[in-house]
Each structure stands twice: as C-alpha cells, then as structure tokens.
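What follows draws every value from the coordinates through simple rules; no lab data is involved. Quick caveat, the model's predicted, so the values are computed rather than measured. Glycine gets a Cβ as well: all are built from the backbone with ideal geometry, and neighbour counts include every protein chain shown.
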Amino acid sequence: MNTVPKPTVALSVADLEQLAAEIKEIGAKLGFQQLGIADTQLEAAQASLDAWLEQGRHGEMRYMAR
C-alpha cells in the first residue's frame, strides 16, 4: 500500500499560493499552455458529478458510473 508522509512543516496559505505560482511558472517555461492545481477536497463537486453521470454524459465511459 502506498502511504503519503505527513509534511514536517506546516505551510501557510501564502506559502501555498507562492508554491502554486512557482509550479505554474515552471510549467509555462516547459511549454505548457495551461496548468491548473486542483483542490483535494472534492465533497462539494460530488452532487454535480452524480447528476452529470445520471444524465449519461459520460458516454461510453461506463467505468465512470461504477
């Protein structure tokens, strides 16, 4: 099983914003036209995803509805 080590240093919101900016800058230098950073708290999106799946918008990707 994979385990993710807990960070040893707590990062502030400002630190995280700076890190995100640096990651996006590196991505741009590497030629990426778009680069985004997703939140890991997905509970708010669950209802929208469920409705999207119920409408059959996943097409032939039936694995998404499992």
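On inspection, ALA45 passes the criterion of being part of a helix (DSSP H, G or I) and surrounded by 11 or more Cβ atoms within 10 Å (Cβ to Cβ). One residue stands out among those in the stretch 32-60 that are of a type in the set (A, V, I, L, M) and without any contact (Cβ under 8 Å) to a residue 12 or more places away in the chain: the one that is farthest from GLU22 (Cα to Cα), which is ALA51. Scanning the stretch 1-14 for residues that are under 18 Å from the mean Cα position of the chain (by Cα) and in a helix (DSSP H, G or I) turns up just one, VAL13.
Here the stretch 15-36 is the region considered, the condition is being under 14 Å from the mean Cα position of the chain (by Cα) and exposed (fewer than 10 other Cβ atoms within 10 Å of the Cβ), and the residue that is farthest from ARG66 (Cα to Cα) is GLN34.
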